[in-house]
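Written below as structure tokens is the structure these notes are about.
The values are calculated or read from the model by the stated rules, or taken from the named source; none is laboratory data. All values reported here derive from a predicted model rather than from experimental measurement. FYI the Cβ positions are ideal-geometry reconstructions off the backbone, even for glycines, and counts take in every protein chain you see. Side chains included, ligands, DNA and RNA excluded: accessible areas come from the protein's heavy atoms. Shrake-Rupley method; radii C 1.70, N 1.55, O 1.52, S 1.80 Å.
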Amino acid sequence: RTAREMGVETVAVYSDVDRRALHTRMAHEALPLGGTLPRESYLDMDKVLAAAQESGAEAIHPGYGFLSENAVFARRVVEAGLAWIGPPPDAIEAMGDKITSRRIMKEAGVPVVPGLTDPVADADAALEAAEGIGYPIAIKAAAGGGGKGIRIVRDPGEMAGAFRTASGEAVAAFGDGRLYMERYLDEPRHVEIQVLFDHHGTGVHYGERECSIQRRHQKLIEESPSVVVTPEIRARMGEVAVRAGAAVGYQNAGTVEFLWSKGEFYFLEMNTRLQVEHPVTEMVYGVDLVREQLEVAAGKRIDPAQADIKPRGWAIEVRINAEDPFHGFVPSTGTIHNLRVPGGPFVRLDSAVYRGMEVGLAYDPMLAKLIVWGPDRDTAIQRMIRALQELNVGGVRTGAPAALEVLEHPRFRAGDFDTHF
Ligand code: MV4
């Protein structure tokens, strides 16, 4: 959509099951990759690069998933003579290793959760280090992130078992068993800062997103701003987030994730891509982040000064997943036979859904994202409830009823929640 508005032609790639997908139809041109599963199609670097060459594309935008945080792919794009609409491969790599990123952040004066900046060798070394850090302890995989491979140790008796399972999981999931340790923060909030860097050394931030409402590390509801962030804290967190990006030579759009606990914030990790929840930032800051991505990748300088980047009102996003909230959120499959989409003022639906769509198990279950804006948080919540009531997806179950329950909850209304809500 952004590319069309800019007069930029687009080439989509699609798998066998995505012949009728909206991205396939909306692009100026679409090339088949063949295959059904991600590894046979969207994750196959050779196929994607061949399609780019065949079409004569000048640049690749990797989207939110698949190869978007793959440094090898980013390098191959650049080596093929194409522009990579994303951060430098070295920055992706530095932030991808959670031990490396912790060390770089600490050196850059970015607050990190108290803990180690080196891998911990075995359970005995972990027990010794724990005395200095203090319980409870989080054991994490260096190659992890997004919640994979984290173990909580509440007392020394739990250490040996936790170390063994964490290490085994890390080897199995990432082929890299290196572990590190942090103080485990109870009742934290997940607050993240949107950053944007051009190719001339300038970086700015677009405030925070509150992403604590999640289930098994899948975010369900995101909002901007966060009830816990005052203008002073926003300025401080934003400055720290830009410092974090600058420390790895960042370019393009990215997100710096913080844990918020007892009035303090700590660097957790950086997501080196545009994220699913970026529309709430777009609504509150009046910015098209994809346009910014294309422009900075083309060499444009960021022109607004940080002082001119100001939030206005409140935005909320609900992810509409094909899952059954009444039966443990199991994935729901079927053919979409009916679709009524919400509308009205300040309502945005970023959707992959069309009538006749077959929802299977090959991909992530996210069907759509519903985003609303309001002048204040209460108005935005009321508007989201109204918009969710308008939405009707016939043929599969969606998580919308669970989102409605959260939106109606007194603690959500009061802004009184953390990642365990
Ligand atoms: C933590 C933590 C508490 N203390 N680290 C999970 C996702 C990954 N990005 C890091 N995670 C956490 N790390 C320390 N030292 C709690 C979590 C956590 C969490 C973080 C963000 C959003 C949701 C979460 C759900 C459970 C645990």
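List the strands (runs of 3 or more DSSP E) inside the range 157-271, counting only whole elements, that have at least 1 residues being surrounded by fewer than 18 Cβ atoms within 10 Å (Cβ to Cβ) and among the hydroxyl-bearing types (Ser, Thr, Tyr).
Per the criteria, 252-261.
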### Message
If I filter the range 197-210 for residues that are of a type in the set (Asp, Glu), out of contact with any strand residue (DSSP E or B) (no Cβ under 8 Å at 6 or more places or on another chain) and touching a residue at least 40 places away in the same chain (Cβ under 8 Å), do I get at least one hit?
### Response
yes
Of the candidates SER212, SER224, the one satisfying the condition of being within 14 Å of the ligand (Cβ to nearest atom), among the small types (Gly, Ala, Ser) and modelled with pLDDT of 95 or more is SER212
- Query: Out of curiosity, is VAL280 modelled with pLDDT of 95 or more, among the aliphatic types (A, V, I, L, M) and closer than 30 Å to ASP186 by Cα?
  - Reply: yes
Taking the range 105-158 and keeping residues among the aromatic types (Phe, Trp, Tyr) and either modelled with pLDDT under 95 or in contact with a Ser or Thr (Cβ under 9 Å, 6 or more places away or on another chain) (or both) leaves none
Scanning the range 36-63 for residues that are in a loop (DSSP other than H, G, I, E, B) and closer than 27 Å to GLY254 by Cβ gives SER41, TYR42, LEU43, ASP44, ALA57, GLU58, HIS61, PRO62, GLY63
(message) Would you confirm whether or not the range 285-293 contains a residue that is assigned to a loop (DSSP other than H, G, I, E, B), in contact (Cβ under 8 Å) with a residue 60 or more places away in the chain and away from the ligand (no atom under 16 Å from the Cβ)?
(response) yes
Reported set for the range 37-53 where residues are touching a helix residue (DSSP H, G or I) at 6+ places or on another chain (Cβ under 8 Å) and either open to solvent by 50 Å² or more (accessible area, probe 1.4 Å) or among the aromatic types (Phe, Trp, Tyr) (or both) is TYR42
For strands (runs of 3 or more DSSP E) lying entirely in the range 314-416, having 1 or more residues that are more than 22 Å from the chain's Cα centre (by Cα) picks out 338-340, 366-374, 392-394
Note: among TYR250, TYR184, just one is within 13 Å of the ligand (Cβ to nearest atom) and among the aromatic types (Phe, Trp, Tyr), namely TYR184
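Let's see how each residue does on (1) within 16 Å of the ligand (Cβ to nearest atom); (2) loosely packed, with under 15 Cβ neighbours inside 10 Å; (3) part of a helix (DSSP H, G or I):
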position: SER68; (1), (2), (3): no, no, no
position: VAL77; (1), (2), (3): no, no, yes
position: ASP90; (1), (2), (3): no, yes, yes
position: SER101; (1), (2), (3): yes, no, yes
position: MET105; (1), (2), (3): yes, no, yes
position: VAL110; (1), (2), (3): yes, no, no
position: ALA130; (1), (2), (3): yes, no, yes
position: ALA138; (1), (2), (3): yes, no, no
position: GLY144; (1), (2), (3): yes, no, no
Residues of the range 1-16 being crowded, with 16+ Cβ neighbours inside 10 Å and either over 23 Å from the mean Cα position of the chain (by Cα) or part of a loop (DSSP other than H, G, I, E, B) (or both), in sequence order, are THR10, VAL11, SER15
Screening PHE421, PHE412 for residues that are within 16 Å of the ligand (Cβ to nearest atom), modelled with pLDDT of 95 or more, within 30 Å of LYS262 (Cβ to Cβ) and open to solvent by 40 Å² or more (accessible area, probe 1.4 Å) leaves only PHE421
Counting only residues that are small (Gly, Ala, Ser) and crowded, with 19+ Cβ neighbours inside 10 Å, the range 356-399 contains a total of 6
Across (1) away from the ligand (no atom under 16 Å from the Cβ); (2) open to solvent by 30 Å² or more (accessible area, probe 1.4 Å), LEU116 clears everything bar (1)
Residue match in the range 274-282 (condition: within 16 Å of the ligand (Cβ to nearest atom), in a loop (DSSP other than H, G, I, E, B) and more than 23 Å from ARG25 (Cβ to Cβ)): yes
